[in-house]
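A quick write-up on the structure given underneath.
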Amino acid sequence: MSLFAPPYMTIQDEDGNPVSGGKLFFYATGTSTPASVYSDVGLTTPLTNPVVADSAGRCAAVYLDPTVIYRCKVTTAAGATIRDVDPIDNPLAALSASDGSTLVGFIQAGTGAVARTVQSKLREIPVTPQDFLTLSESLAVDAGPAIRRALATGKPVLFPSGTYIVGGDPAAPVASGNPIYCVRPPSGSVMVFETGAVIKAKDGLGSWTRIVSFGDETGGGVSGFAVYGTLMVDANVDNIHATNNEHQHGVFFYEASDFYVERIHSINARGDNVSFGGVSDTRGTCDGFIGSIYGKTAGRKNLVFQSLDNVVIGSALLDNRLGGATVYGGTPDATDGNSFDVEPDSFTGAVPNSAKIGSLVTYGAGNDFSAGTTAAQADAYTVDIGNFTSYITSRSGVHAWTQNAITLNIGNLKISGETNTGAQSTIYYAARLNVGRFVLDGACNARSILQVAQVSGNRPILRIGEFSIGNTGTGGIGLESQDGDIDINHFIPRTTEMGIWNRGVSSTSGLYAKLNIERMTANNVGLSSGNSTVIFIAKSGSNVPYTRIGHIDHSDDRGGSAVTRIVYVDSGCAAGLILPSVNSLNAVAICAYAGADKFYRRSGGDSSPGDYVCTGTPEAMITAPIGSSASRTDGGAGTSGYRKESGAGNTGWVGK
């Protein structure tokens, strides 16, 4: 309100004399249409129009509506015009206009501050979608247009707490599959999210929707953008009409670069909650940092890497225990219910891809990683993870861990909970897995928790600092290697029946199973009754597996009838076994043999003289260079030690 006439204001003529019974007529500016005036500050009690003065020319208090621009005509009691003012001075009306803030001054505290208007100062503050919401629009119906107008200003956009329902952007480009883009921040954009701000997909959107998309599949990449606070997205999968579960994404990065995102929280996507990608065989999404990612309940995966390079994620927590295709009407596959997926399309390795995650925890059926089949592809696609814990909720036919031709460098890795319900975890083709400390636990009957196998001559390579295996399943195996290349610095078996099965399956020259363990600590390992094996060596091809255990520490104080075979050597495999040092506190045979060859090597023996331990005579059993020696465990006087004195084959051994 604005006080036009204070109490007892006097109407005067041109000579300053009071006008008895003078009148004040109020109209809308430029018209003769009466405009209401009021007797109270709350503008609740209208005055008569005109307002009539008393015999002394005095008027009652008159309050004006600040939203109205008035014309005021002053007359005598007889109606003769004294003056006609249009418009009259209504300061609050001017201030309430859209440019009213230009009329108010501002000066900052401090020496050297200069005067400016309130409008210029306020325009330094981030805009909000609410600033651009028309009278016909609502945040609860479709906030998308207001968000897009706010982003188009180029100013930081603040999202106050609340739910922002978004539909498709009709101006978005058309790409293969006709995806629907809802919010597409441009290059250089800055978005700030207050606690409680949520972007939620509108009911009924199609399965190819990208709720928040940094870039698009037409090649429209964006760069130099930043997100502060938590970008919280609800993909609203329960109200998506399509049964297809593949391609709806909560937060979608495509050909994005040079970006910073403080936090992402994305849930309920029919496809992937968070996806990073780009054009195949390029750097794709690159040179970006995300502080943390939380993804929960996705029809496909919570987090997906496709084409990306130099993307760093501080931490990620991914929970897909309630997700998967079956939940939302799709058809499950071998990765249904998995949380983390690395799957570049048509990746040749011509352009290296990489990503880093400081800490990663996943819940669900498993995780899968595949950049192809060859060593060149594996070497070109690298993911570094500081600490990775995978809690498995097994699903029928789903692999808890799948890795094909990709390099994973992990500081600490724990995979826990795999059971017979799920399919066997696999590391195939030319995969590379480098782990500082690896803990593998499960309860799988009559099969291995993890199988490492060459496929089509492409051999996986594992380099592990400390490896601890626990498989409590009946007849279960911890790790099965089929022509894999495995180096372990310290192996700690906690398995029930078998720790590692080193199995040669190939007859191709140079392609053989390799297992090198610098140190193995086997304490109270195996069954409490019956037979169990820590290392099992076997072959189905002609190539002999290579198995070296630098030092064995063994003890078992449980008593009972248990027989733990530290190493079991199948027929024809003894020639590849090297055991330089054994420390057993129990009278347990280190080796058990299924064939006629019952020996192992302690040192040397390829092209230089070797040192062997055997059961039975080495003659016609051990092939070694001249000068080699053999200690016989069942020998006597003159037969407990042997020297190889002639021949290049397995003869020429002489007892000493």
Practice prompt. May I ask you to verify whether PRO46 is surrounded by fewer than 15 Cβ atoms within 10 Å (Cβ to Cβ) and at negative phi?
Written response: yes
Response to the item:
If we take the stretch 364-413, then strands (runs of 3 or more DSSP E) inside it with 3 or more residues that are of a type in the set (Val, Ile, Thr) are 381-392
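Suppose the filter is at negative phi and either of a type in the set (A, V, I, L, M, F, W, C) or touching a Gly at 6+ places or on another chain (Cβ under 7 Å) (or both); does ASP142 pass it?
Here the answer is yes, as ASP142 does meet what is asked.
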Worksheet, complete the sentence: Subset of the stretch 465-481, residues surrounded by fewer than 23 Cβ atoms within 10 Å (Cβ to Cβ) and part of a strand (DSSP E or B), comes to GLY465, GLU466, SER468, GLY470, GLU480
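Each row is one residue, and each column tells you yes or no for (1) crowded, with 21+ Cβ neighbours inside 10 Å; (2) touching a Leu at 6+ places or on another chain (Cβ under 7 Å); (3) modelled with pLDDT of 95 or more.
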residue: PHE388; (1), (2), (3): yes, yes, yes
residue: GLY397; (1), (2), (3): no, no, no
residue: ILE406; (1), (2), (3): yes, no, yes
residue: LYS414; (1), (2), (3): no, no, yes
residue: THR421; (1), (2), (3): no, no, no
residue: THR426; (1), (2), (3): yes, no, yes
residue: TYR429; (1), (2), (3): yes, no, yes
residue: LEU433; (1), (2), (3): yes, yes, yes
Worksheet item: If you scan the stretch 342-367, which residues turn out to be more than 13 Å from the chain's Cα centre (by Cα), closer than 25 Å to GLY314 by Cβ and surrounded by fewer than 23 Cβ atoms within 10 Å (Cβ to Cβ)?
Response: GLU343, PRO352, SER354
Practice prompt. Count, please, the residues in the stretch 137-152 that happen to be outside any helix (DSSP H, G or I) and at pLDDT 95 or above.
Written response: 1
Worksheet item: Any residue in the stretch 38-46 that is among the β-branched types (Val, Ile, Thr), more than 12 Å from LYS23 (Cα to Cα) and more than 60 Å from the chain's Cα centre (by Cα)?
Response: yes
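Given the residues ASP345, ASP336, which is the only one that is within 21 Å of ARG210 (Cβ to Cβ), outside any helix (DSSP H, G or I), among the acidic types (Asp, Glu) and modelled with pLDDT under 95?
ASP345
Can you name every residue in the stretch 41-60 that is over 22 Å from GLU14 (Cα atoms) and touching a strand residue (DSSP E or B) at 6+ places or on another chain (Cβ under 9 Å)?
Listed by number, the residues that qualify are VAL41, GLY42, LEU43, THR44, THR45, PRO46, LEU47, ASN49.
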Worksheet item: Which of the residues spanning the stretch 606-654 are in a loop (DSSP other than H, G, I, E, B) and among the β-branched types (Val, Ile, Thr)?
Response: THR615, THR617, ILE622, THR623, ILE626, THR633, THR639, THR651
Item to complete: Mind counting the residues in the stretch 297-310 that are open to solvent by 10 Å² or more (accessible area, probe 1.4 Å), within 15 Å of ALA256 (Cβ to Cβ) and assigned to a loop (DSSP other than H, G, I, E, B)?
Response: 1
Worksheet item: What number of residues in the stretch 234-251 are closer than 19 Å to GLU217 by Cβ and either modelled with pLDDT under 55 or of a type in the set (Phe, Trp, Tyr) (or both)?
Response: 3
Worksheet item: In the stretch 12-40, what residues are open to solvent by less than 60 Å² (accessible area, probe 1.4 Å), touching a strand residue (DSSP E or B) at 6+ places or on another chain (Cβ under 8 Å) and more than 18 Å from ARG71 (Cβ to Cβ)?
Response: ASP13, VAL19, GLY21, SER39, ASP40
Discussion item. Any residue that is free of Cβ contacts under 8 Å to residues at least 60 places away in the same chain, open to solvent by 20 Å² or more (accessible area, probe 1.4 Å) and farther than 19 Å from PHE225 by Cβ - is there at least one of those in the stretch 284-296?
Written reply: yes
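The values are calculated or read from the model by the stated rules, or taken from the named source; none is laboratory data. In this text the structure is predicted, and so the values were computed from the model without any measurement. Positions of Cβ are backbone-derived with ideal geometry, glycine not excepted, and every protein chain shown enters the neighbour counts. Accessible surface areas use protein heavy atoms only, side chains included; no ligands, DNA or RNA. Shrake-Rupley method; radii C 1.70, N 1.55, O 1.52, S 1.80 Å.
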